[in-house]
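The values are calculated or read from the model by the stated rules, or taken from the named source; none is laboratory data. From a predicted model like this one, the values you see are computed outputs, not experimental measurements. Cβ placement follows ideal geometry from the backbone for every residue including glycine, while neighbour counts extend to all protein chains displayed. Accessible surface areas use protein heavy atoms only, side chains included; no ligands, DNA or RNA. Shrake-Rupley method; radii C 1.70, N 1.55, O 1.52, S 1.80 Å.
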2 protein chains.
Amino acid sequence: MSADTLPADEALAWLALLRAPGLGAGAIRTLVARHGSARAAVARARREPSIPSAARDAVCSPDRETQAADRRWLDQPGHHLIPFAGDEFPALLRDIPSPPAALFIAGDPTHLWSPQVAIVGSRNATAGGLANARAFARAFAQSGNVVTSGLAEGIDGAAHAAALDAGGTTIAVLGTGTDVVYPRQHGELAARIRAAGALVSEFPPGTAGKPEHFPRRNRIIAGLSLGTLVIEAGLNSGSLITARLAAEQGREVFALPGSIHSPLARGCHKLIRDGAMLVETADEVLDQLRGIGARLADHLRGRLGGQPAIAGHEGPAPATAKRDPEYARLLTALDHAPVSLDELADRSRLPIAALSSMLLVLELEGVVAAASGGRYVLARPGENPGSPASPGHGGA
Amino acid sequence: MSADTLPADEALAWLALLRAPGLGAGAIRTLVARHGSARAAVARARREPSIPSAARDAVCSPDRETQAADRRWLDQPGHHLIPFAGDEFPALLRDIPSPPAALFIAGDPTHLWSPQVAIVGSRNATAGGLANARAFARAFAQSGNVVTSGLAEGIDGAAHAAALDAGGTTIAVLGTGTDVVYPRQHGELAARIRAAGALVSEFPPGTAGKPEHFPRRNRIIAGLSLGTLVIEAGLNSGSLITARLAAEQGREVFALPGSIHSPLARGCHKLIRDGAMLVETADEVLDQLRGIGARLADHLRGRLGGQPAIAGHEGPAPATAKRDPEYARLLTALDHAPVSLDELADRSRLPIAALSSMLLVLELEGVVAAASGGRYVLARPGENPGSPASPGHGGA
């Protein structure tokens with residue numbers, strides 16, 4: 001991981017809190033914020049009245065075997081625990097109504113800062129639906145977007161695989177621990193995602209899949225992504241939950257129409273009637289996401305302490321770099337050849353944690369593109385980085 | 001025809017005006033209104049400065065052969081000329097931005113007062129599209145609605161035929177004279193429609209089809225109907241014109257979605273993106289039309305001199321009969337067995353021309369249903385005719 005990694009004892013304290021029965025994400029976020037660190041929260045758990053007694057016992061007397069397993073998980077290369085309050089936590093996911101207290105990552109966590117499009121749909125997709133999932137995933141990947149989905153059978157798996165096959169990046173959000181692959185037949189796919197993207201979960205290592213995990217998983221898929229595309233979905237599909245959460249989070253929802261006689265088109269048609277954008281091509285999705293990217297960049301920039309967004313301003317965000325000296329320093333550090341995050345930190349003298357969010361803002365504005373190996377590049381040779389009319393928001 | 005028929009010399013005067021080159025529908029409506037009748041307008045045409053000279057010559061010195069042919073057309077049973085200002089002119093069509101100056105009818109003109117749903121679509125429809133057209137037409141006909149379309153190949157023809165096969169009624173609006181069947185292979189279908197419904201045109205007998213006639217024909221299809229359903233349509237289809245006109249006329253537009261890979265779904269998808277209602281079943285259309293029917297009834301009642309609609313009133317219209325003594329007289333004249341228009345006129349002592357519009361209001365409110373042979377019946381045995389919650393707006 002290019003960004004700072006959590007010290008081992010702080011990570012283990014986080015795991016103790018995350019594994020405590022009956023302690024929700026909101027309670028954990030509050031506890032850690034109040035005490036300044038997970039370690040401090042654990043150390044004072046005995047005298048903390050807000051923790052239910054069962055959780056308090058678990059936090060104060062953790063199971064030795066579980067703790068040893070957690071330590072082994074944390075020690076493996078490519079494994080990361082990213083707490084909500086850390087700068088490495090994905091900025092878009094932080095913005096949702098009930099964000100996770102922390103994320104477990106197996107793979108490269110820098111992909112979580114890249115612009116993502118979710119592709120979700122039925123586990124029992126038709127051949128046509130699978131072909132559509134592959135075609136849209138390929139187009140998103142080729143335009144420099146990360147394809148995010150849920151590793152399920154059917155549409156999810158087809159989207160992940162097609163993004164990888166196109167040389168792109170994909171993120172799988174799991175309803176299990178990152179070390180528990182579900183469904184089992186996606187073991188090889190999960191290994192490929194881990195190697196070229198990231199497996200993400202809010203559930204600690206070893207957690208088995210439970211039905212109630214999947215709606216929670218879905219809010220993370222939607223929350224990481226600029227928009228969610230539903231390819232095929234029945235009326236009771238979990239994909240409709242993901243789409244509803246995306247809409248509630250202010251992200252765009254896209255749906256593919258289909259025959260009125262296809263049960264797997266019903267869910268998409270319901271979404272369209274409820275306001276989702278009917279799309280026929282990947283370009284329509286990408287065009288729409290450019291507008292969302294500009295709005296989100298504007299919002300993020302305000303939240304990150306840059307000049308606040310102009311009230312009522314709906315058009316493309318004025319170029320950040322022209323107004324903010326830190327962004328100007330970052331842009332000077334960037335190049336038309338890919339530069340690593342560490343090199344950017346050296347050149348700009350900005351902390352790596354701040355860089356991650358700033359780079360997302362610039363990616364959303366279409367000024368910067370993610371390159372392979374967690375590196376960044378100015379979006380187009382010869383392009384004026386200050387131009388608000390930059391047409392893309394990413395590039396492989 | 002149950003309603004008063006135009007006197008022969010007035011009908012011939014109308015034909016002289018309608019055949020005059022360069023005299024548009026708006027000009028003719030104005031002329032006739034100013035002079036009180038078509039006869040008076042023709043008699044004073046020589047001194048009428050608003051008539052272009054070529055039109056004036058044609059009106060004052062009509063072609064003898066054409067006039068003889070017009071006389072023969074008018075003399076045939078089932079042939080009617082309905083001027084815009086007449087009470088027989090369909091109330092919904094009168095409401096559009098540029099209504100025709102008159103309609104030529106071959107068939108039973110009372111069907112034009114019944115609630116209609118337009119079904120339109122591609123001439124080169126797929127087998128699936130044709131099957132959908134048939135299924136929706138059958139459902140509309142069976143629920144007591146007249147199916148209105150344009151007699152074209154493909155979707156139009158399938159909709160007309162299915163409505164007739166279901167024992168229902170259908171109206172074909174033509175871009176030619178009612179005696180010129182286009183396309184030629186629809187000769188038999190046109191004869192069936194004439195026998196069990198109506199062929200309608202604003203073009204005088206003998207008029208051949210010209211490309212510019214068909215968009216004009218489409219505005220009449222949309223204008224006669226509570227809503228327009230587009231089954232299959234390419235991006236350049238004339239059906240999109242019909243749909244746009246329907247929307248501009250304040251009517252509902254419905255579209256069937258389809259595969260993103262089907263060129264004939266593109267037009268429907270464009271309509272849905274532009275605000276048309278995506279529908280999967282005929283019931284969805286019928287549910288929606290009930291609301292439109294109530295609004296239109298409210299509007300018509302106001303325009304017909306009944307108690308005006310309450311400003312801002314959006315719900316189902318309060319029952320007309322409770323508020324208006326003429327409607328109360330009409331309801332007393334109605335029965336749970338079908339009653340002819342002449343009998344209703346006798347019983348209620350209301351003029352037939354006024355009855356037609358009042359019956360449409362009551363049909364739209366779901367109180368009255370059209371029965372076979374141009375007769376009318378209270379919508380349901382035992383139903384309280386004053387109930388605003390009447391569920392249907394028609395019944396065969």
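Descriptive notes on the structure:
- Residue within the range B:232-243 that is within 30 Å of B:His261 (Cβ to Cβ), open to solvent by less than 20 Å² (accessible area, probe 1.4 Å) and of a type in the set (A, V, I, L, M) present: yes
- When residues of the range B:244-270 are limited to those that are more than 10 Å from every other protein chain (Cβ to nearest Cβ) and over 23 Å from the mean Cα position of the chain (by Cα), the one surrounded by the fewest Cβ atoms within 10 Å (Cβ to Cβ): B:Pro263
- Entry remark, the range B:343-361: residues being modelled with pLDDT of 85 or more and in a helix (DSSP H, G or I) number 6 in total.
- The range A:157-173, subset open to solvent by 10 Å² or more (accessible area, probe 1.4 Å) and not small (Gly, Ala, Ser), residue nearest to A:Thr228 (Cα to Cα): A:Thr169
- The range A:129-151, residues that are more than 14 Å from chain B (Cβ to nearest Cβ) and touching a strand residue (DSSP E or B) at 6+ places or on another chain (Cβ under 8 Å): A:Ala137, A:Phe140, A:Ala141, A:Gly144, A:Asn145, A:Val146, A:Val147, A:Thr148, A:Ser149, A:Gly150, A:Leu151
- Residues within the range B:178-198 that are within 16 Å of B:Ala159 (Cβ to Cβ) and within 19 Å of the chain's Cα centre (by Cα), tallied: 7
- Tally of residues being part of a helix (DSSP H, G or I) and crowded, with 24+ Cβ neighbours inside 10 Å across the range B:111-140: 8
- Looking only at the range A:94-104, and only at residues there that are surrounded by fewer than 23 Cβ atoms within 10 Å (Cβ to Cβ) and under 12 Å from the mean Cα position of the chain (by Cα), the one that is nearest to A:Leu355 (Cα to Cα): A:Arg94
- Counting only residues that are of a type outside the set (S, T, N, Q), more than 7 Å from chain A (Cβ to nearest Cβ) and more than 25 Å from B:Ala91 (Cα to Cα), the range B:271-282 holds 4 of them.
- Any hit, the range B:271-289, residues being in a helix (DSSP H, G or I), touching an Asp or Glu at 6+ places or on another chain (Cβ under 6 Å) and open to solvent by less than 40 Å² (accessible area, probe 1.4 Å): no
- Flag if B:Ala294 is surrounded by fewer than 24 Cβ atoms within 10 Å (Cβ to Cβ), hydrophobic (A, V, I, L, M, F, W, C) and away from chain A (no Cβ under 14 Å): yes
- Yes/no for A:Asp179 being among the acidic types (Asp, Glu), touching a residue at least 12 places away in the same chain (Cβ under 8 Å), closer than 30 Å to A:Gln67 by Cβ and open to solvent by 20 Å² or more (accessible area, probe 1.4 Å): yes
- Annotation: B:Gly373 fulfils all but one of (1) open to solvent by 60 Å² or more (accessible area, probe 1.4 Å); (2) under 18 Å from the mean Cα position of the chain (by Cα); (3) at pLDDT below 75; (4) at negative phi; the unmet one is (4).
- Any hit, the range B:69-86, residues being of a type in the set (S, T, N, Q), more than 22 Å from B:Ser357 (Cβ to Cβ) and either touching a residue at least 40 places away in the same chain (Cβ under 8 Å) or open to solvent by less than 80 Å² (accessible area, probe 1.4 Å) (or both): no
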